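Working notes, structure below.
The values are calculated or read from the model by the stated rules, or taken from the named source; none is laboratory data. These numbers come from a predicted model, not from an experiment. So basically every Cβ, Gly included, is an ideal-geometry build from the backbone, and we count neighbours across all protein chains shown. Keep in mind that these areas ignore ligands, DNA and RNA; they rest on the heavy atoms of the full protein, side chains included. Shrake-Rupley method; radii C 1.70, N 1.55, O 1.52, S 1.80 Å.
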Amino acid sequence: MQEPTLDHRQANPHALATIMKASEEGQIVAHQDILDDRGVKLWAKGQPVSRELQQRLLERKLREPLESCLRAEDGVTHHDLQVTAERLLAELPALRSGVGPWADALLADIAHLPLHPVAQLLLTAGRSHSPQAHDHAVMAMMLAGALGIHAGGDRYQVRMHMLGGLLHDLGELYIQPDYLHDDRPVSPESWRHICVHPRVGEMLLQQQTDYPRELCRAIGEHHERGNGLGYPLRARQVSWLGKRLAAVETFMGVLSSQAPDAWDHAALAVRLLPSEFDEVAAGFASQAARRHGADHPASPVAVDADQVWARAQSHKQGIQAALRASWKLASSAEPRLTAAAGLITPILEELMRACDALGLWAPRHLLGGSLHELHLANQELDFRIQTLPRVMCWLDERWSPEERLALDDVWSALQGRQAELEPA
């Protein structure tokens, strides 16, 4: 995938629109004179921004990054973050279970987080644009901090976790909103834009703030996986903090369902493929699931045993058929297809091993108490089967029609369109 760029000489139209919207609700002013690349003053220091400035910025190149030239005078503060965190803890039982015994310590630590003016400006704009996204950031801050404490981190490391959770999605402000908030299935065009937001956030903070490089890098990795999947697919070697933020992002995705068994699902999601996340994340999720079950006992989710077992068998046959198609791909004369098979095959093999280890493909009459776990595993496998082709297909955007057809054989098998034709 082509490396995204962040040209500070040109105001990003999507971030600019969000900042301008926020200026209608609060005071955003020029911290210094805003000059174009020829030195012509576009806006004077101390002057509140307006729609007039927006048009000028879209027409000119800038001498300094716009974000560094602006300040949110009455923007997001430490107190605001604390109030939001307290509200979310009161409203969301799953968050309370995740944060567990460390809630008071984390709430107190918010006051000590360094809020760089650029980060504060973008948090302010993001809150104005989407209060739900701001809640997501604060929730991630608290869960990441709890994970840092669970991992035995010192105060500095815990605060790094918290900042990473709070700032991880700032790059989304630079993406056309239609791609992020479209209820339709994600199209290839949308995916090309969405998947670069971690890297955009990393570059933004690295270029315009004094945050540690390891924090900026981790924000760029918060959708990566240790087995080389995820996005934006920069490397297989993910940093320790990047792994933690990726785990938090996974927790958040599962917990958003607000299902009674969401923490059970989250615990399964981070342990399904051992190469994706470290043991710390799996242990944290398992403990959160136990706390949640103890504090909020609920009746087991009603599921149809025959349907759950049949779905598991379909997954098994699909993964086996996809493996055979991937092995065939490995013998291709096309180097890029061979390389793709080299990434796909280990993932499929690990999926097979993980499901075997969980005992999820036992004969129907032996399901017994594992029915609920099998139901959750089916949900997670559905998600993996949906996302794996999307990620892989955009690993290289230059696939020829013939190469795409060869890859489609793998995806068709994985998604079950050929499973009924394959022996179990």
Review point. Quick check: anything in the range 245-256 touching a helix residue (DSSP H, G or I) at 6+ places or on another chain (Cβ under 9 Å), closer than 26 Å to residue 190 by Cα, part of a helix (DSSP H, G or I) and open to solvent by 30 Å² or more (accessible area, probe 1.4 Å)?
Key: yes
Point to revise | Sole exception among (1) in contact (Cβ under 8 Å) with a residue 40 or more places away in the chain; (2) farther than 30 Å from residue 290 by Cβ; (3) open to solvent by 50 Å² or more (accessible area, probe 1.4 Å); (4) out of contact with any strand residue (DSSP E or B) (no Cβ under 6 Å at 6 or more places or on another chain) for residue 66, by number | key: (3)
Practice item. Out of the residues in the range 192-213 that are farther than 24 Å from residue 64 by Cβ and touching a helix residue (DSSP H, G or I) at 6+ places or on another chain (Cβ under 6 Å), state the one that is modelled with the lowest pLDDT. Key: 193
Review point. Given the residues 403, 420, 397, 334, which is the only one that is modelled with pLDDT under 75 and over 30 Å from residue 251 (Cα atoms)?
Key: 420
Point to revise | Yes/no for residue 237 being more than 20 Å from residue 140 (Cβ to Cβ), polar (S, T, N, Q) and open to solvent by 40 Å² or more (accessible area, probe 1.4 Å) | key: yes
Review point. In this structure, is residue 50 of a type in the set (S, T, N, Q) and under 18 Å from residue 205 (Cβ atoms)?
Key: no
Practice item. Report, by residue number, each residue of the range 301-342 that is of a type in the set (Ser, Thr, Tyr), loosely packed, with under 15 Cβ neighbours inside 10 Å and part of a loop (DSSP other than H, G, I, E, B). Key: 331
Practice item. For the range 72-86, state whether one or more residues are touching a His at 6+ places or on another chain (Cβ under 6 Å) and open to solvent by 20 Å² or more (accessible area, probe 1.4 Å). Key: no
Exercise for review: Residue by residue through the range 87-114, note down the ones that are under 23 Å from residue 26 (Cα atoms) and surrounded by fewer than 19 Cβ atoms within 10 Å (Cβ to Cβ).
Suggested key: 87, 111, 113, 114
